[in-house]
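Asker: The structure that follows is given in the form of C-alpha cells.
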Amino acid sequence: MIDFRSDTVTRPCHAMRKAMANAEVGDDVYGDDPTVNGVQQKVADMFGTEAALLVPSGTQSNLIALLSHCQRGDEYIVGQEYHTYLYEAGGAATLGGIVPQPLPVEADGSLFLDKIQSSIKPDDVHFAKTRLLSLENTHNGKVVPPEYINSAIQLARDNQLLCHLDGARLFNAAIASGRSVPSLVKGFDSVSVCFSKGLGAPVGSMLCGNYNLIEQAKRWRKMLGGGMRQAGIVAAAIDFALENNIHRLKEDHENALLLAELLSEIGNIRVNPPQTNMVYIEFDSEVDTQKIARKLRQKNILISASRRTRLVTHLNISEQDIEKFVYELRQLMRIN
Ligand SMILES: *Cc1c(COP(=O)(O)O)cnc(C)c1O
C-alpha cells in the first residue's frame, strides 16, 4: 500500500526492529531502564533543555504539559485548529479543569499578537486565570515564522504567562527552515515532540523542560497510565530514529514538492505549495472524491477521501510511488 494519509503510518524498518530487540532494559517506573535514561538525556541535549520524559503519545505529552503548568480554573490560550485544543478530546478541560481560550489561526500558523493580548484576562473574580500560551510548530505542515514565535514568547513573558510548544513535527520545521532545534524552542517552558510520525518509530513522544517540570510531569504520567516498564524497547527505536531518520526528512520535503508540482498539472485540483511533508489539495466540487479514493484503493493507494485533502510524504513513500499515484489519479480524473 502507498499510504498518503499521514506520516504516522510509517513502519519500523528491519534495522530499527533489530535495535529494539537488542535494547538493554530495566523497569522505567523505577528509573532503572538504561536505554530510556540515555535517550531522554540525548533528546534533552538536542533540545537544549535540562530534562526530557518519554511518554506513549503526543496527546499525553501535551496533556501532561498543560496539567503541569495549570491548576484547576486556570486558562490556556491556544489556536482553535491546534492539536492541543481540537484533536485531544478536550483532555485539558475534562481531566484538568483547565479552561481553553481558543483563537483563530492565521494563514502562516500563528495567532495574532493583539488577539492574544486582548484575550488575557485581568485579575478579577469574574474571570479564569490566564496562565499559559500554547503554540504549535509545524502547523498543518507550515513552519511558523521564528521571529513571530519570539515576539509571542515575549508578549507572554510581559504578561507573566508560561509557554508550551506542541512540536510534534519540530524536526521537520528545523530541516525546512535550516534553523537548529534549540533555536526553535528557546524561551518555551515545555516542548512536546513526536517520534512516531516522520521519524518512523512505532510509538513514543517526549516532553522536554526543566528538572522541576519533568518531576511534576512524571507524577501526571503515572496518573494517566503512561508509566511504562521495560520501555527501553521503545527508546531504542527512538534512538535509531534520531540517528538515522532526521537528515532524511529532507527527502520527504523534496517529495512533497515533486508531488505538488505533478498534481498542479492535473485539471480540477487546486494545490497549495508545501513547506514540509504535507501537500494540501482541493478537488473541484464536481469531483466525486469518495469514488476517487475507492478506485485508488484498488490500485493499492490510500488517500483520505474529502474535497480538501491532506497528502503526506514519509519514509515509506518514494519518488516512484508519487509518480504512480499521480499517473493513476490523472487517469481517474479523466474518466470522472
Ligand atoms: C500527531 C500530533 C499530536 C499527537 O500525537 P499522538 O502521538 O498521535 O497522540 C500532537 N500535535 C500535533 C501537531 C500532531 O500532529
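Asker: From the backbone phi of segment 114-122, what are the Karplus-calculated ³J(HN,Hα) couplings (6.51 cos²θ - 1.76 cosθ + 1.60, θ = phi - 60°) in whole Hz, Gly and Pro given as x?
Answerer: Values, residue by residue: 6, 6, 4, 4, 6, 8, 6, 7, x Hz.
Asker: With point charges of +1 on the Cβ of Lys and Arg and -1 on the Cβ of Asp and Glu, referenced to the Cα centre of segment 12-244, which listed residue (Leu86, Tyr76, Ile214) lies farthest in the positive direction of the dipole?
Answerer: Leu86
Asker: Across the chain, where is the longest run that never hits trypsin sites (Lys or Arg not before Pro) in a DSSP loop with at most 11 other C-beta atoms within 10 Å?
Answerer: Details: sites that count: Arg72, Arg307.
No qualifying site falls inside 73-306, the longest such stretch.
Asker: Okay, next question. In nm², what is the average projected area of the convex hull enclosing the Cα atoms of the chain? Show your work: numbers first, answer last.
Answerer: Numbers: hull surface 69.9 nm².
With the hull built on Cα positions only, its mean projection is 17.5 nm².
Asker: In a shell of Cβ-Cβ distance under 13 Å around Ala236, excluding Ala236 itself, what net charge do Lys and Arg (+1) and Asp and Glu (-1) give? Working shown, then result.
Answerer: Details: positive: Arg17, Lys18, Lys42; negative: Glu24, Asp28, Asp33, Asp239, Glu243.
Residues close to Ala236 contribute a combined charge of -2.
Asker: Past 19 Å, Cα to Cα: identify those pairs from Lys121/Lys218; Lys299/Lys324; Lys142/Lys295; Lys197/Lys250, in the order given.
Answerer: On the way: Lys121/Lys218 30 Å; Lys299/Lys324 9 Å; Lys142/Lys295 30 Å; Lys197/Lys250 14 Å.
Correct reply: Lys121/Lys218; Lys142/Lys295.
Asker: About its Cα centre, what dipole magnitude does the chain give when the only charges are +1 on Lys and Arg Cβ and -1 on Asp and Glu Cβ, stated in debye to the nearest 20?
Answerer: On the way: 35 positive and 39 negative charges, 169 e Å.
The dipole of the chain has a size of about 800 debye.
Asker: In the chain, carbon and sulfur make up what percent of the accessible area (probe 1.4 Å)? Write down the numbers at each step before the final one.
Answerer: Details: 7390 of 15200 Å².
Ligands and nucleic acids excluded, carbon and sulfur reach 49 percent.
Asker: Which log10 I(q)/I(0) values, to two decimals, does segment 32-136 give at q = 0.11, 0.12, 0.19, 0.21 Å⁻¹ under the Debye formula with one point per Cα?
Answerer: Normalising to I(0) and taking log10 leaves -0.42, -0.49, -0.99, -1.10.
Asker: Also, quick follow-up: Starting at the first residue of segment 251-256, write each ³J(HN,Hα) from the Karplus equation 6.51 cos²θ - 1.76 cosθ + 1.60 with θ = phi - 60°, in whole Hz, x for Gly and Pro.
Answerer: Per residue, the Karplus-derived 3J(HN,Hα) values read 4, 4, 5, 5, 5, 5 Hz.
Asker: On to the next question. For labels at Arg179 and Lys291 in the simple 7 Å Cα→Cβ model, what's the distance in nm?
Answerer: 4.6 nm
Asker: On to the next question. In the neighborhood of His139, defined by Cβ-to-Cβ distances under 11 Å, what is the net charge if each Lys or Arg adds +1 and each Asp or Glu adds -1? Present the calculation step by step, with values, prior to reporting the outcome.
Answerer: Details: positive: Lys142, Arg169; negative: Glu81, Glu106, Asp108, Glu136, Asp166.
Net local charge, His139 excluded: -3.
Asker: How much net charge surrounds Ala260 when only other residues with a Cβ under 13 Å from its Cβ are counted (Lys, Arg +1; Asp, Glu -1)? Numbers along the way, then the final one.
Answerer: Values: positive: Arg270, Arg310; negative: Asp252, Glu254, Glu261, Glu265, Glu282.
Around Ala260, the charge tally is -3.
Asker: Could you work out the relative contact order of segment 38-90, using alpha carbon pairs under 8 angstrom and six or more residues apart, expressed as a whole percent? Can you show the working numbers first?
Answerer: Details: 20 pairs, mean separation 11.8, N = 53.
Once divided by the residue count of segment 38-90, the mean separation gives 22 percent.
Asker: Okay, moving on. In nanometres, what is the gap between the two model label sites at Gln331 and Asn300, each 7 Å from Cα along Cα-to-Cβ?
Answerer: 1.4 nm
Asker: A follow-up question, please. Send over a whole-number figure in Å² for the accessible area per residue of the chain, probe 1.4 Å. Let's see the in-between values first.
Answerer: On the way: 15200 Å² over 336 residues.
Dividing the accessible area of the chain by its residue count gives 45 Å².
Asker: Here's something else I'd like to know. For every helix of n ≥ 4 consecutive DSSP H residues, a contribution of -39,500 (n - 2.57) applies; sum these over the chain, divide by its total residues, and give [θ] at 222 nm rounded to the nearest 500 deg cm²/dmol.
Answerer: Details: 14 runs with 145 residues, N = 336.
The helix contribution divided over the chain gives -13000 deg cm²/dmol.
Asker: At a threshold of 8 angstrom on Cα-Cα distance, excluding pairs fewer than six apart, so keeping six or more, what relative contact order does segment 12-244 reach in percent?
Answerer: 32 percent.
Asker: Something else about it: Which distance in nm do the two modelled labels at His247 and Phe127 give, with both placed 7 Å along the Cα-to-Cβ direction?
Answerer: In this crude label model, His247 to Phe127 measures out at 5.0 nm.
Asker: Another question, if that's okay. Using the Kirkwood formula over every pair of different C-alpha atoms, what hydrodynamic radius in Å results for segment 248-335?
Answerer: Details: mean 1/r = 0.0773 Å⁻¹.
Taking every pair of different Cα atoms in segment 248-335, averaging 1/r and inverting gives 12.9 Å.
Asker: Separate question: How much space per residue, in cubic angstrom, does the convex hull of the C-alpha atoms of segment 91-193 take up?
Answerer: Values: hull volume 10.8 nm³, N = 103.
In segment 91-193, the Cα convex hull volume per residue is 105 Å³.
Asker: Related question: Report the one residue of Ile266, Leu332, Ile317 whose Cα lies farthest in the direction of the positive end of the charge dipole of segment 248-335 (charges on C-beta: Lys and Arg +1, Asp and Glu -1; origin at the Cα centre).
Answerer: The residue sitting farthest along the positive end of the dipole is Leu332.
Asker: In addition: What is segment 114-273 by shape, rounded, prolate or oblate, if you read a ≥ b ≥ c off the alpha carbon gyration tensor as root eigenvalues and call it rounded for a/c under 1.5, prolate for a/b larger than b/c, and oblate otherwise?
Answerer: Working: a/c = 2.20, a/b = 1.22, b/c = 1.81.
Verdict is oblate for segment 114-273.
Asker: Over segment 248-335, calculate the relative contact order: mean separation of alpha carbon pairs under 8 Å at least 6 apart, over the residue count, as a percent. All intermediate terms of the calculation are to be shown ahead of the outcome.
Answerer: Numbers: 115 pairs, mean separation 26.9, N = 88.
Reported as a whole number, the value is 31 percent.
Asker: How about segment 124-229: which chymotrypsin sites (Phe, Trp or Tyr not before Pro) there lie in a loop by DSSP and see at most 14 other Cβ atoms within 10 Å?
Answerer: Values: sites: Phe127, Tyr148, Phe171, Phe188, Phe195, Tyr211, Trp220; in loops: Phe127, Phe188, Phe195.
Taking segment 124-229 and a limit of 14 other Cβ atoms within 10 Å, the loop chymotrypsin sites (Phe, Trp or Tyr not before Pro) found are Phe127.
Asker: Loop only by DSSP, 16 or fewer other Cβ within 10 Å of the Cβ. Give me the GluC sites (Glu not before Pro) in segment 47-101 that pass, ordered by residue number. Don't jump to the answer; show the numbers that get you there.
Answerer: Values: sites: Glu50, Glu75, Glu81, Glu88; in loops: Glu50, Glu81, Glu88.
Here the sparse-neighbourhood loop sites are Glu50, Glu81.
The values are calculated or read from the model by the stated rules, or taken from the named source; none is laboratory data. Quantities reported herein were computed from a predicted structural model and do not represent experimental measurements. We place every Cβ from the backbone using ideal geometry, glycine too, and count neighbours over all the protein chains shown. The protein model used for the area step is the full one, side chains on, heavy atoms only, and it has no ligands, DNA or RNA in it. Shrake-Rupley method; radii C 1.70, N 1.55, O 1.52, S 1.80 Å.
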